1. Here is a list of conditions, (1) of a type outside the set (D, E, K, R); (2) assigned to a helix (DSSP H, G or I); (3) without any contact (Cβ under 8 Å) to a residue 24 or more places away in the chain; (4) in contact with a strand residue (DSSP E or B) (Cβ under 8 Å, 6 or more places away or on another chain), and A:Ala250 meets all of them except one; can you say which number that is?
2. Given the structure, is A:Gly293 within 12 Å of chain B (Cβ to nearest Cβ), surrounded by 18 or more Cβ atoms within 10 Å (Cβ to Cβ), of a type outside the set (Lys, Arg) and more than 25 Å from A:Arg192 (Cα to Cα)?
3. Could you please find all residues in the stretch B:184-203 being modelled with pLDDT of 95 or more and of a type in the set (Gly, Ala, Ser)?
4. Restricted to the stretch A:240-263, and to residues that are surrounded by 18 or more Cβ atoms within 10 Å (Cβ to Cβ) and within 14 Å of another protein chain (Cβ to nearest Cβ), which residue is farthest from A:Pro26 (Cα to Cα)?
5. Which of the following residues is touching a residue at least 12 places away in the same chain (Cβ under 8 Å) and at the interface with chain B (Cβ under 8 Å from one of its Cβ atoms): A:Asp113, A:Asp120, A:Asp91, A:Asp70?
6. Name the residue, out of B:Ala342, B:Ala352, that is farther than 22 Å from A:Thr149 by Cα and either in contact with a Cys (Cβ under 7 Å, 6 or more places away or on another chain) or touching a residue at least 12 places away in the same chain (Cβ under 8 Å) (or both).
7. Do we have A:Ser363 as at the interface with chain B (Cβ under 8 Å from one of its Cβ atoms), closer than 29 Å to A:Glu218 by Cα and not basic (Lys, Arg) here?
8. Would you tally the residues in the stretch B:279-290 being surrounded by fewer than 20 Cβ atoms within 10 Å (Cβ to Cβ) and aliphatic (A, V, I, L, M)?
Protein chains: 2
Amino acid sequence: MPSQFPPREARSIEQYQAEVLGLVRPDSRVESVPLAAASGRVLARDVVSPVSIPVFANSAMDGYAVRYADVVAAPVTLRVVGDVAAGSSADPMAGPGECVRIMTGAPLPTFADTVVPLEDTDAAFGPAGRAPGDEATTTITHAPQAVGTYVRHAGEDFAADARVAVAGTEITAGVAAELAAVGLVSVPVRPRPVVAVRSTGDELVTDGSPLGRGQIYESNSFALAAMLAGDGADVRRSEAARDDAEALAAWLDEVDADLVVLTGGASVGAYDVVRDVLLGAGGTFRSVRVQPGKPQGWAVWKGTPVLSLPGNPLSAALSYQLFVQPMLDRLLGRPAREWLTAVAGAAWTSPAGRRQLVPVRLSTGADGRLIAVPAHRRGSASHLVSSLAEADGYCSVGEDVTAVAAGDLVAARWL
Amino acid sequence: MPSQFPPREARSIEQYQAEVLGLVRPDSRVESVPLAAASGRVLARDVVSPVSIPVFANSAMDGYAVRYADVVAAPVTLRVVGDVAAGSSADPMAGPGECVRIMTGAPLPTFADTVVPLEDTDAAFGPAGRAPGDEATTTITHAPQAVGTYVRHAGEDFAADARVAVAGTEITAGVAAELAAVGLVSVPVRPRPVVAVRSTGDELVTDGSPLGRGQIYESNSFALAAMLAGDGADVRRSEAARDDAEALAAWLDEVDADLVVLTGGASVGAYDVVRDVLLGAGGTFRSVRVQPGKPQGWAVWKGTPVLSLPGNPLSAALSYQLFVQPMLDRLLGRPAREWLTAVAGAAWTSPAGRRQLVPVRLSTGADGRLIAVPAHRRGSASHLVSSLAEADGYCSVGEDVTAVAAGDLVAARWL
């Protein structure tokens with residue numbers, strides 16, 4: 001079967017993105033997973049706090065729970081008539097001129113309105129120090145600034161029924177802490193999208209054996225699997241496929257995934273098997289106005305979306321960022337990643353009429369500007385696998401730009 | 001046993017960092033893991049490419065392998081006398097006025113010095129298109145810019161014996177691709193540091209049951225476990241411990257880890273059990289000039305370093321970033337993370353004499369400046385767990401700064 005040629009009219013990145021995003025829809029299923037296993041997962045529902053946090057007014061410091069009126073004219077000496085530890089449910093009473101020793105996090109006794117930290121009492125001074133806990137009195141040396149100083153008020157962090165996290169939120173360390181703090185022990189998350197990934201090409205060697213003329217070591221599946229896993233997919237990586245249309249079709253028949261990502265065989269060459277197989281199944285190939293990553297294609301194979309990415313390592317990795325990663329976002333209901341604005345730290349050329357994607361190293365200058373320097377060791381050829389290894393981000397240069405000067409603004413993302 | 005009080009002389013962040021870094025030494029052990037399972041691991045040795053990459057000159061495009069001298073005066077029509085696919089070891093000959101069809105990645109025939117892409121031939125034009133492969137001649141419509149155009153030269157990416165990655169490199173998607181591309185099927189990595197993490201405190205509730213007066217839900221172990229895993233540790237998370245010195249000591253006797261991280265019980269309160277237990281074992285507690293995160297401590301328990309972090313969620317998380325994360329870097333031989341320079345996007349106050357750490361949201365302005373805005377919903381109290389959930393980075397404000405104005409420069413890191 002000959003390749004379709006010439007490719008249909010070229011598409012912008014956004015046009016092709018919209019096309020492939022149409023292949024998937026947000027997963028409506030919900031899994032409940034223990035919070036300790038939820039890191040990196042995506043919330044399926046808004047989370048509402050069942051309680052106020054804190055549930056009770058408590059002390060922000062180790063020190064003394066006092067009435068502000070008693071200490072406003074410090075230095076003043078108070079009788080210590082009680083003790084509240086963190087975790088205690090005690091609510092000791094104290095009269096005028098009296099106070100209660102209190103630990104960080106312990107509930108503020110009802111009589112008190114203010115906390116004086118140890119550092120603002122005589123307990124904190126003297127060369128030998130003194131163990132708190134054995135005193136009958138304490139001298140407040142510095143008056144608190146206002147009523148309520150060092151008191152954490154009930155509901156200060158969340159009111160009961162406050163929405164603490166919205167559906168689509170990725171569970172970072174901080175989000176996990178927040179969900180734990182409102183009492184969740186398991187969380188509703190979206191299933192991980194199952195993504196099958198496979199490189200294709202007769203030239204690929206996968207077992208590390210010496211290369212013959214015409215051969216290269218397969219690398220795309222490793223990069224894609226790592227990016228997919230980092231973006232929340234359940235990755236099924238297969239060994240590279242030979243350029244055998246029948247075998248590829250048979251594998252596609254068998255594969256069980258939410259999405260299949262293939263690399264290689266996508267161009268307009270006579271042996272571009274992925275292209276031929278997917279076109280034969282009613283697929284679509286586009287010339288996308290991007291460098292690298294121009295030849296892109298997709299099909300729906302027995303209900304499963306299949307994406308065909310170019311085989312050059314850099315093209316494949318950047319095509320992943322542009323097209324596959326947003327499909328995962330959509331499946332998971334996660335917001336799309338934002339672009340940053342960076343300053344080019346060097347000059348380079350860019351092709352007319354095509355968006356250029358450039359692996360970069362990102363840093364900041366002394367003035368706080370984000371600086372992007374191409375990570376290429378040499379040139380900008382799409383086969384330089386070293387550039388991706390050295391990059392921590394990538395830039396996007398507009399279609400109409402043919403030369404980037406040092407100091408120009410470019411769109412950038414962290415990798 | 002009473003707490004030691006007052007704390008010994010305060011330390012700067014750097015002084016305390018140096019102290020705890022002295023507790024661990026770089027792991028010299030090497031594990032060999034399959035490349036497909038190596039994502040996030042840290043290389044134990046430099047990796048040298050056993051081969052030149054590419055191993056042979058090859059075509060960067062689908063098109064025709066030509067002699068530059070034959071096409072410099074394009075348009076010119078050449079006879080097509082052969083065909084080289086990617087993965088082919090063929091090396092067809094062609095005489096003057098002849099060319100060979102070539103696919104992307106296929107080895108450049110010995111006779112040829114230049115590749116003309118399909119787009120620069122008559123094969124690319126005409127409304128119906130034409131399948132490449134069935135032609136006897138092709139007309140080169142545009143001359144290549146120079147000899148060697150669209151040729152990828154042997155060794156262009158790596159020379160044989162080139163050092164492609166150094167020990168201490170974290171295996172990102174790009175690094176995995178690079179290691180695969182030079183033929184590695186397994187990689188030498190450092191063992192994951194085994195880190196036991198446990199929260200302590202009688203006030204902690206871990207099963208989601210309703211909170212009584214004085215109680216809070218435990219959250220630190222979830223944040224720390226997520227951060228530790230993200231930083232390459234093999235995490236052993238235990239349920240929260242009660243304030244029971246004997247039980248804590250018994251657990252420390254049993255725990256099998258490269259590093260133990262405890263939270264809570266580290267302050268100067270009378271019930272600060274972690275402090276008491278670690279001091280009893282010859283440990284050291286310091287007042288560190290940082291907000292939040294002032295009370296820090298460590299001990300070596302039967303040969304295992306134990307770190308005591310404050311119990312406030314934000315203090316614990318930021319203390320992790322300052323002290324635990326660098327210990328992992330040291331164990332793994334990974335370079336320390338760098339600080340970025342950002343611009344404060346709002347005004348806030350900072351305590352005199354203490355470094356201030358502020359969870360922030362990072363974005364960029366229209367001029368490419370990295371902007372840091374505090375992620376606090378309200379105030380800057382260290383108990384606001386929501387601020388960490390909303391942050392994607394944190395800022396560090398100098399000890400001598402008491403007020404940050406919008407537009408001031410601050411040190412920042414991504415979380």
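1. The one condition A:Ala250 does not meet is (4).
2. Details: within 12 Å of chain B (Cβ to nearest Cβ): no; surrounded by 18 or more Cβ atoms within 10 Å (Cβ to Cβ): yes; of a type outside the set (Lys, Arg): yes; more than 25 Å from A:Arg192 (Cα to Cα): yes.
So A:Gly293 does not fit the description; no.
3. B:Ser186, B:Ala196, B:Ser199
4. Across the stretch A:240-263, the extreme among qualifying residues is A:Asp243.
5. Numbers: A:Asp113 fails: at the interface with chain B (Cβ under 8 Å from one of its Cβ atoms); A:Asp120 fails: at the interface with chain B (Cβ under 8 Å from one of its Cβ atoms); A:Asp70 fails: at the interface with chain B (Cβ under 8 Å from one of its Cβ atoms).
None of the other options fit; the residue is A:Asp91.
6. Numbers: B:Ala352 fails: farther than 22 Å from A:Thr149 by Cα.
Testing whether each residue is farther than 22 Å from A:Thr149 by Cα and either in contact with a Cys (Cβ under 7 Å, 6 or more places away or on another chain) or touching a residue at least 12 places away in the same chain (Cβ under 8 Å) (or both) leaves just B:Ala342.
7. Details: at the interface with chain B (Cβ under 8 Å from one of its Cβ atoms): yes; closer than 29 Å to A:Glu218 by Cα: no; not basic (Lys, Arg): yes.
Against the criterion (at the interface with chain B (Cβ under 8 Å from one of its Cβ atoms), closer than 29 Å to A:Glu218 by Cα and not basic (Lys, Arg)), A:Ser363 does not qualify.
8. 2
The values are calculated or read from the model by the stated rules, or taken from the named source; none is laboratory data. All values reported here derive from a predicted model rather than from experimental measurement. When we count neighbours, we look across all protein chains shown, and the Cβ atoms used for this are built from the backbone with ideal geometry, even at glycine.
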